[in-house]
Amino acid sequence: MKFSKKAAYIIFILLVSLLSTACKNKQKYTRLDIASSIAYLPANPKMGLGQILSQQQEFKPLEKNKMNHLSKIVQNEGDYIWLRLQFNLPQELKDKDLGLYIGHLRSAGLLFLNNISLRQYGEFPPNESSAGYVTQYYMFPKSIIKQEETNTILIQVWPGAFGSISSKIYLSEQPAIFRAAERMTFFNSKITIGFAAVMILIFFMYTFLYFVMRKFSNSNVYFFYAMINFYTIHFLLPFFVSEISWAKPGFLSYFMMLKIFFFGGAFSTVYFTNSFIISYLKYTDSKKIIAIRVGLWLIPTVITFAMPSYKDFPIFLPILIIPCVIQFGFSVPRIIKAILDPESDRRKDAIELLIGFAPVFVGVILDGCFKLTNINNSLPYFSIYGWQITIYIFLSQLLIRFGNMYVHNTALKNQLSEFNTHLEDVVALRTKELSEANYVLSKGLETVAHVQKNFLPPKNRNFRGWDLSISYTALVNNVSGDLYDYYFTDGVLDGVGIFDVSGHGIPAGLMTILAKSIISQHFITGKHSEEPLSNVLEDINKSYIKEKVNVENYITGLLFRFSEFNKKDVCSVEFANAGHPYPLLYSAADNTVKELKLEDAKQYGILGVEGLDVSFPPINFRAAQGDVIVCFTDGLTDCLNKHGEDFSKERIIKILQQHHNESSGMIMNSIMEKARSFTDGTELTDDITLIVLKRTNSKDYIEEI
């Protein structure tokens, strides 16, 4: 332990000594700032150095606020700018090889020192290309520097659309200039090449990941992230194109390269960034919203490609920005909404988005402070670095998401593997439990079915003047939620009812037993007191609500009441409807089938819903010999075939028109056979009850024994 402490102390002292030595040995160089002496002269491209030298008196001082906007100085498109810098050597720099440092000079420039051409950055028209954001430096051998007189630097500049010159321009010894220029070129240009290389890998990786994951929900977020990287590379290309000029196609002009890569990349990056935000929050836009957003993407792109001149770029730039800003109107409000709602499932994702884009916000603020206010326009664009950090933040976030999904799926796979290991035991146990439950359930179903069978009247019967047939099909083991009943006195049919209790199986079956008792009681009471059927249904509704207590179900139904026959063997029929499918009436006199419903009076409401306003107005008509009444539950009309089509009342009407001359039993059988043929084995989804009543000659009636 003592030896370790001594060793640590020795290493610490050595490091301090090395750092101190390095600091002491670092040579300090004198700098001569000459940015304040810069002047300019717009000139025709045909004017050579000699003509410019003859117009020295025409040069004007270049104000600091114009250094970022050289393209605005020229009057005519295609004109050049000549920049002049003059200096006298201080004593510290005399008789030394010097260099000139210029933070950046866009678009292309050729430098002369004391009328001697030294170096060119970028290319002049007709094969123009910008020097980009590389730091420009020029080495001056002492042999061409005037030691005692004024030295003149002339720079011929093609400004292009976004010409600018750094406010940081100075002279110093060549080692200092070279070191400073290479350092700033790295941060302004070369580092961007590294970013682009990484983003190419990210693009391919996440494109592949999208195709692998496209069957999973929210996989679009991987595609949008891949496209963000792809179009960011496009956008950044002009910043480092001078470093890879060998790769630039000869047929592609710098003007077209700006359109395709700088502007096209910017608009595309904005579109896919918003798509990424929306997808990251697990939203899906409608086709209409997507069309609007694509339009906002294409509008500035088309305008950009339609521009015929460099000079149009600065003019249209505010117009091009507007659709990009509107794009964020589809994503930013969703982030704000998710953050403000503490109960939102998307709140965590929205906070992650804010954290992820925070470096961009900081970079934009710094650029605004240093660039727009001309405090220091030589610094690199911090927003570009901020965007790179954002790219890497979301790279990690998506990797974490993918990792969590992988861990979850692995855990699930292990659980399934463990479950399969004991599958036989589990299946045996569950089979036993299900068998016991099915036995209890089947006994319950048998009991309810037995009770229903005993309390429901026979399905087929003849009364004086009426031929009655009923089809009754239960969905679950002979236990039905449908209910039918008829009421008679000494062979005279007083009334018929058909009702449909919500639900299926035992619960619905038990409620039919309760409902039948209530309905029968009120029908008989209402008949004796000659109370309208609408009032009878309302009384049934009140009693059912009271008796069923907290059971959550309701009933729809029809209730018919018949009068005695007159001398012409015609009987009056009154019925009321409580939310049930309309019954059908075949009229022998007219040979037509129609639905029995009120055209003017409003019928609304069902039975068994507490607090629901109801209205069951009665409908009256006369039934003569040959007339047929058909009523049914919606299980009949709603049964489906293999194509998803329902049986519908139109088919019942057609069958009734074809078979009205037959008995009620034959009509009923025709309808049910047609329904079975229609469904062709398709599983039923509801109970089916069908009642067919046909008027017969009341004088031919023979009472059943």
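The values are calculated or read from the model by the stated rules, or taken from the named source; none is laboratory data. Just so it is clear, the structure is predicted and the values come from calculations on it, not from any experiment. Every residue, glycine as well, gets a Cβ built from its backbone with ideal geometry; the counts of neighbours run over all protein chains shown. For accessibility, only protein heavy atoms count, side chains too; no ligands or nucleic acids. Shrake-Rupley method; radii C 1.70, N 1.55, O 1.52, S 1.80 Å.
Tally the residues that are closer than 24 Å to Thr633 by Cβ and either polar (S, T, N, Q) or free of Cβ contacts under 8 Å to residues at least 40 places away in the same chain (or both), restricting the search to segment 537-561.
Within segment 537-561, the subset closer than 24 Å to Thr633 by Cβ is 537-545, 547-548, 551-561.
In the following step, the residues that additionally are either polar (S, T, N, Q) or free of Cβ contacts under 8 Å to residues at least 40 places away in the same chain (or both) were identified as 539, 541-543, 547, 552-553, 556.
The number of residues fulfilling the criteria is 8.
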Point to revise | Restricting segment 595-613 to residues that are assigned to a loop (DSSP other than H, G, I, E, B) and touching a strand residue (DSSP E or B) at 6+ places or on another chain (Cβ under 7 Å), the residue that is nearest to His660 (Cα to Cα) | key: Leu596
Practice item. Could you check Lys215 against (1) part of a helix (DSSP H, G or I); (2) farther than 30 Å from Ile73 by Cα and say which number it fails? Key: (1)
Revision key, fill the gap. In segment 453-506, anything aromatic (Phe, Trp, Tyr), under 20 Å from Lys548 (Cα atoms) and touching a Gly at 6+ places or on another chain (Cβ under 8 Å) is listed as Tyr484, Phe499
Review point. Would you call Ser331 open to solvent by less than 40 Å² (accessible area, probe 1.4 Å) and within 30 Å of His69 (Cβ to Cβ)?
Key: no
Revision key, fill the gap. Going through segment 568-579 in order, the residues found to be in a strand (DSSP E or B) and more than 30 Å from Leu510 (Cβ to Cβ) are Cys571, Ser572, Val573, Glu574
**Study point:** Test: Ile691 is in contact with a helix residue (DSSP H, G or I) (Cβ under 9 Å, 6 or more places away or on another chain) and in a helix (DSSP H, G or I)
**Key:** no
Exercise for review: Name, by its number, the condition in (1) without any contact (Cβ under 8 Å) to a residue 60 or more places away in the chain; (2) within 22 Å of Ile691 (Cβ to Cβ); (3) hydroxyl-bearing (Ser, Thr, Tyr); (4) crowded, with 16+ Cβ neighbours inside 10 Å that does not hold for Ser534.
Suggested key: (1)
Review point. Does segment 188-201 contain at least one residue that is in a loop (DSSP other than H, G, I, E, B) and crowded, with 22+ Cβ neighbours inside 10 Å?
Key: no
Revision key, fill the gap. Only unsatisfied item for Ile144, checking (1) surrounded by 18 or more Cβ atoms within 10 Å (Cβ to Cβ); (2) over 26 Å from Met184 (Cα atoms); (3) modelled with pLDDT of 90 or more, is (1)
**Study point:** Exclusive hit being modelled with pLDDT under 90, in contact with a strand residue (DSSP E or B) (Cβ under 6 Å, 6 or more places away or on another chain) and not β-branched (Val, Ile, Thr), set Leu110, Leu154, Leu105
**Key:** Leu105
Exercise for review: Find all pairs meeting these conditions: Cβ atoms under 7 angstrom apart; at least six residues apart or on different chains; first residue within segment 484-502 and open to solvent by 10 Å² or more (accessible area, probe 1.4 Å) and in a strand (DSSP E or B); second residue among the basic types (Lys, Arg) and modelled with pLDDT of 95 or more.
Suggested key: Asp494/Arg561
Exercise for review: Taking Gln327 as meeting all but one of (1) part of a helix (DSSP H, G or I); (2) closer than 30 Å to Gly78 by Cα; (3) among the polar types (S, T, N, Q), write down the number of the exception.
Suggested key: (2)
Check your understanding: Can we say Asp634 is in contact (Cβ under 8 Å) with a residue 40 or more places away in the chain and open to solvent by 30 Å² or more (accessible area, probe 1.4 Å)?
Key -> yes
Check your understanding: Which of (1) out of contact with any Leu (no Cβ under 7 Å at 6 or more places or on another chain); (2) more than 27 Å from Tyr29 (Cβ to Cβ) does Leu105 not meet, given it meets every other one?
Key -> (2)
Study note, to complete from the structure: Filter segment 31-46 for residues that are at pLDDT below 90 and among the hydroxyl-bearing types (Ser, Thr, Tyr); the one that is farthest from the chain's Cα centre (by Cα) is Ser37
Review point. Can you pull out the residues in segment 503-531 that are part of a helix (DSSP H, G or I), open to solvent by less than 50 Å² (accessible area, probe 1.4 Å) and under 26 Å from Ser563 (Cα atoms)?
Key: Ala515, Lys516, Ile518, Ile519, Ser520, His522, Phe523, Gly526
Exercise for review: State whether the residues of segment 52-61 include one that is without any contact (Cβ under 8 Å) to a residue 60 or more places away in the chain, under 23 Å from Leu118 (Cβ atoms) and either small (Gly, Ala, Ser) or open to solvent by 80 Å² or more (accessible area, probe 1.4 Å) (or both).
Suggested key: yes
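In segment 480-508, how many are under 46 Å from the mean Cα position of the chain (by Cα) and more than 18 Å from Ser543 (Cα to Cα)?
8
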Revision key, fill the gap. When every residue in segment 347-370 that is among the charged types (D, E, K, R) and closer than 23 Å to Ser279 by Cβ is compared, the one surrounded by the most Cβ atoms within 10 Å (Cβ to Cβ) is Asp349
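Within the group Glu599, Glu683, Glu645, which residue is free of Cβ contacts under 8 Å to residues at least 24 places away in the same chain, under 17 Å from Thr473 (Cα atoms) and open to solvent by 20 Å² or more (accessible area, probe 1.4 Å)? Full working, then the answer.
Working: Glu599 fails: under 17 Å from Thr473 (Cα atoms); Glu645 fails: under 17 Å from Thr473 (Cα atoms).
Of the residues listed, the single one that is free of Cβ contacts under 8 Å to residues at least 24 places away in the same chain, under 17 Å from Thr473 (Cα atoms) and open to solvent by 20 Å² or more (accessible area, probe 1.4 Å) is Glu683.
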Review point. How about segment 64-131: which strands (runs of 3 or more DSSP E) wholly inside it have at least 1 residues that are open to solvent by 10 Å² or more (accessible area, probe 1.4 Å) and among the basic types (Lys, Arg)?
Key: 80-87, 116-121
Revision key, fill the gap. Per the filter on segment 580-592, residues open to solvent by 40 Å² or more (accessible area, probe 1.4 Å) and either in a strand (DSSP E or B) or under 10 Å from Phe616 (Cβ atoms) (or both) are Thr592
**Study point:** Residues within segment 543-567 that are in a strand (DSSP E or B) and among the charged types (D, E, K, R), tallied
**Key:** 2
Practice item. With respect to Thr284, determine if the residue is touching a helix residue (DSSP H, G or I) at 6+ places or on another chain (Cβ under 6 Å), among the hydroxyl-bearing types (Ser, Thr, Tyr) and open to solvent by 20 Å² or more (accessible area, probe 1.4 Å). Key: no
Revision key, fill the gap. Within segment 284-315, residues under 11 Å from Phe330 (Cα atoms) and not hydrophobic (A, V, I, L, M, F, W, C) come out as Asp285, Arg293
Exercise for review: Consider Arg401 carefully, then state whether it is modelled with pLDDT of 85 or more, over 20 Å from Phe162 (Cα atoms) and open to solvent by 40 Å² or more (accessible area, probe 1.4 Å).
Suggested key: no
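Lys654: within 49 Å of the chain's Cα centre (by Cα) and in a loop (DSSP other than H, G, I, E, B), yes or no?
When the stated conditions are applied, Lys654 does not pass them.
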**Study point:** Complete set of residues in segment 579-602 that are in contact with a helix residue (DSSP H, G or I) (Cβ under 9 Å, 6 or more places away or on another chain) and within 20 Å of Phe499 (Cβ to Cβ)
**Key:** His580, Pro581, Tyr582, Leu584, Glu595
